[in-house]
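Participant: I'd like to ask some things about the structure below.
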Amino acid sequence: MYQINQESCVCCHNCAMECPMQAIDYLGTKYQIDPEKCVECGLCARVCHTCSIHDVDNPEPIVPHDPVEKTADVVVCGGGSGIVAAVRAAQLGKKVILVEKSDKLGGNTDYAHAFFPVYTKWHEKAGMEDCREKAVEHYRRVTENVLEEDILRTAVYGCGAFFDWLCEFGTAEEVYHLVNLGDADAHGPIYGPGLLDFPKRIRDNLLCRDDAIGPGWGGTYVKYTMLDAIRDQKLNVEILTGTAAKHLLLGDNGAISGLVCEDKGGEVLIKTPAVILATGGFGKSDEKLREFAPWFFEGETPIHRFSVPTDTGDGIDMLRELGVEPNPERMFISMFGPKHHPFSNVLADIALEPDMPQFNLDGRRWINEADGLFGMTAAIARQPKEISWAIQSRDEIAKIADRFIQNPAFAAKAYLYETWEAELEEEAALPVDAPVKKADTLAELAEACGMPSEAFCAAAARYNASAAAGQDEEFGKPAQFLTPIGDKGPYYAILGSRFSEAALGGLTVDGDCRVLRNDGTPIPGLYGVGDATSAMHRRGKLAVISELTWAMASAFTSGGNAAAYTDSL
């Protein structure tokens, strides 16, 4: 009998969409398998990239073994972005061992949609400006010089070099598109005149109706491209899944000399002069979240986490054994809301439209809805149970959905929004804690949402009066977004609550991706990659360069630098 581990399931929808018997659906905020419908084909376990689905009647046997000893030129810890570092080092002639704690490769990289190089050979061919130095200066300025210039330069230049290298594998032109942004002011994570777009999923999760979360996007494409390269180029890369990195070993000179790992059967010792830590963040470690972000557990409604179950901050643990402590000022614990996660992203997009009024459990409107997701995040934490209901009539929701369908910017996924009504009905029919409520009257809707009917109806009337007057005296929402709640049912309420994508940082690195001690000196032979590092992060501040952009740049850079380091020995 197959079961889903509710603690490690991140609700990526892969199993539910692929199940031929439609035996998987929500129980509250997590998926469960209906044993009455399940035919035990095992497809769900095969497509689950977090290894959260198991046949409990046939557990995998654990065979103990004596300690195993191996040797390598370079060891990579983590098979998400780390696989890029592994391939890069192997192409440069190194024997590489990649260890991955999960039974499957990918990690949070499998969730990542895309990376955004500022300038590549594609940009050059299209005649676009090389604005990499401008980008470095911009990021330095907007981060008030907190992010080191050499690291910013590695991110900006390294991501472009990575993509040029990725194109050598022969399939990039089939999946990426360079979009000319024209006069658009692209001075955020996407910088410069050209956007390198990854418009659709490939290989994984193709049946999924939700475009908010992977697998199947740009991170997954990179993973498979690297695996194909290992096979096709016969690269000297040994991959050990189900193997957790535990202890870094240093020689008498303070340089890396090895790594102690554990698989299901016992200890694996790898002698090596170079280790690359691509161990990810710590979004699944309650212990570290309580240490670095105790506020994470304040509130009544649990926060949905999209971090994979292996994201427990293993890099932090290994560095602490060497006396190296993380810098809390250079960590970022994501928290956003209200968002209709982990449910339908079509409904999530509709619910966050500024003309969808938001009400809390007291029946009160609580925010200027035009503030958007980021503008509402702090305020949702102060609402009862930290949840909100976005409420409108069916007719008004239909108009919002049609705006998405007709918007040229959403043309590639307009078909998703055509399912809006079916998804409303589907979620409203869930038997436990339905995330959508439906009623013929506003009073009945309030009761279904657990709000005091009299207070909510009065608040709704005030909102409609503000819409009629074209002035929101309560919260100052612009008049163009003051869409009244329709005067006839059915009415729908779409649940919004808080969610976290990841907890990031811990390892301090320099522009060469070398891991630094607390005194600023590098540990010879040790490199850090992606979410495990504090390179892009500041306490309470969004990264100015996207996580996958930095992950690809740092993995490519560290793979080359680790190979060069071993050459120098």
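Participant: Based on the alpha carbon coordinates of the range 507-569, what radius of gyration and maximum Cα-Cα distance (Dmax) apply, in Å?
Facilitator: That works out to 12.1, 41 Å for Rg and Dmax.
Participant: Over the range 66-163, what relative contact order in percent results from Cα pairs under 8 Å that are six or more residues apart?
Facilitator: 22
Participant: With all protein chains present and a 1.4 Å probe, how do LEU542, LEU569, LEU495, LEU248 order by accessible area, largest first?
Facilitator: LEU569, LEU542, LEU495, LEU248
Participant: Right, next: Enter the angle in degrees (range 0 to 90, nearest 10) between the Cα long axis of helix 149-167 and the first principal axis of the Cα atoms of the chain, meaning the one along which they spread out most.
Facilitator: The two axes meet at around 90 degrees.
Participant: Return the FRET efficiency for the residue pair ALA429, ALA461: r is the Cβ-Cβ distance, R0 is 25 Å, and the value is rounded to the nearest 0.05.
Facilitator: 0.30
Participant: Taking amide H positions as placed in the peptide plane 1.01 Å from N, state which residues far from LEU507 in sequence (5 or more) or on other chains have amide H under 5 Å from it.
Facilitator: Close amide H contacts, sequence-distant or interchain: THR533, SER534.
Participant: Further question on the same structure: For the chain, what does the accessible surface come to per residue with a 1.4 Å probe? Please give it in Å².
Facilitator: Accessible area per residue, the chain: 41 Å².
Participant: Cα convex hull of the range 23-100: mean projected area in nm², to one decimal?
Facilitator: Projected over every direction and averaged, the Cα hull of the range 23-100 covers 8.2 nm².
Participant: Could you work out the equivalent-ellipsoid semi-axes for the range 410-569, taking the square root of 5 times each eigenvalue of the Cα gyration tensor, largest first, in whole Å?
Facilitator: Equivalent-ellipsoid dimensions as semi-axes: 52, 19, 16 Å.
Participant: For ALA378, project a label point 7 Å along Cα to C-beta. Then give me every residue of the range 138-164 with its amide nitrogen under 19 Å of that point.
Facilitator: Only 143-144 pass the distance filter.
Participant: Given a Förster distance of 35 Å, report the FRET efficiency between VAL142 and HIS65 from their Cβ-Cβ distance, rounded to the nearest 0.05.
Facilitator: It comes out at approximately 0.10.
Participant: Same structure again: Can you list residues from other chains, or at least 5 along the same chain, whose modelled amide H is less than 5 Å from the amide H of LEU27?
Facilitator: Counting only residues 5 or more places away or on other chains, the set is GLN32.
Participant: What is the gain in length, in nm to one decimal, between ASP440 and MET1 on full extension, counting 0.36 nm per residue of separation less the C-alpha to C-alpha distance?
Facilitator: Gain on extension, ASP440 to MET1, equals 154.0 nm.
Participant: Could you order the peptides 409-416, 38-45 from most to least packed, using the average number of other C-beta atoms within 10 Å per residue?
Facilitator: Per-residue mean Cβ counts within 10 Å order the peptides as 38-45, 409-416.
Participant: Return the inverse of the average 1/r over all pairs of distinct C-alpha atoms in the range 184-310, which is the Kirkwood hydrodynamic radius, in Å to one decimal.
Facilitator: 19.3
Participant: Using alpha carbon centroids, what distance separates the range 208-224 and the range 1-46, in Å?
Facilitator: Value for the Cα centre distance between the two parts: 19 Å.
Participant: Here's something else I'd like to know. Solvent-accessible area of HIS113, probe 1.4 Å, all protein chains present, reported in Å² to the nearest ten, please.
Facilitator: The value for HIS113 is about 70 Å².
Participant: Additional query: Note down the relative contact order for the range 268-410 as a percent, whole number, built from C-alpha pairs under 8 angstrom at least six residues apart.
Facilitator: Relative contact order for the range 268-410 comes out at 20 percent.
Participant: Now a separate question. Could you please state, rounded to a whole Å, how far the C-alpha centre of the range 112-142 is from the C-alpha centre of the range 393-440?
Facilitator: If you average the Cα positions of each part, the centres end up 36 Å apart.
Participant: Further question: For a Förster distance of 51 Å, can you work out the FRET efficiency between the beta-carbons of LYS264 and ASP130, rounded to the nearest 0.05?
Facilitator: 0.55
Participant: Share of the chain's accessible area from carbon and sulfur, percent, 1.4 Å?
Facilitator: Roughly 49 percent of what the probe reaches on the chain is carbon or sulfur.
Participant: Do the alpha carbons of any pairs in LYS70/LYS264; LYS70/LYS101; LYS339/LYS541; LYS101/LYS541; LYS399/LYS488; LYS438/LYS488 sit beyond 21 Å of each other, and which pairs?
Facilitator: From the list (LYS70/LYS264; LYS70/LYS101; LYS339/LYS541; LYS101/LYS541; LYS399/LYS488; LYS438/LYS488), the Cα-Cα distance tops 21 Å for LYS101/LYS541.
Participant: Sticking with this one: Using θ = phi - 60° and the Karplus relation 6.51 cos²θ - 1.76 cosθ + 1.60, list the HN-Hα couplings for the range 168-175 in order, rounded to whole Hz, with x at every Gly or Pro.
Facilitator: Values, residue by residue: 5, 7, x, 10, 4, 5, 7, 10 Hz.
Participant: Dividing the alpha-carbon radius of gyration of the range 69-168 by 2.2 N^0.38 Å (N being the number of residues), what value is obtained?
Facilitator: In units of the globular-protein estimate, the range 69-168 measures up at 1.31.
Participant: Based on the mean of other Cβ atoms within 10 Å per residue, sort peptides 72-84, 509-521 so the most packed one is first.
Facilitator: Ranked from most to least packed, the peptides come out as 72-84, 509-521.
Participant: Sorted by average packing, counted as other Cβ atoms within 10 angstrom per residue and highest first, what order do 312-325, 267-280 take?
Facilitator: 267-280, 312-325
Participant: OK, next. So I have (i) 24.7, 78; (ii) 24.9, 87; (iii) 27.2, 124, and one of them is Rg and Dmax of the Cα atoms in Å calculated from this model. Which one is it?
Facilitator: Here the calculated entry is (i).
The values are calculated or read from the model by the stated rules, or taken from the named source; none is laboratory data. Just so you know, these numbers come straight off a predicted model, no measurement behind them. Cβ atoms come from the backbone with ideal geometry, glycine included; neighbour counts cover every protein chain shown. Each accessible area value is taken on the protein alone, full model and side chains, heavy atoms only, with ligands, DNA and RNA left out. Shrake-Rupley method; radii C 1.70, N 1.55, O 1.52, S 1.80 Å.
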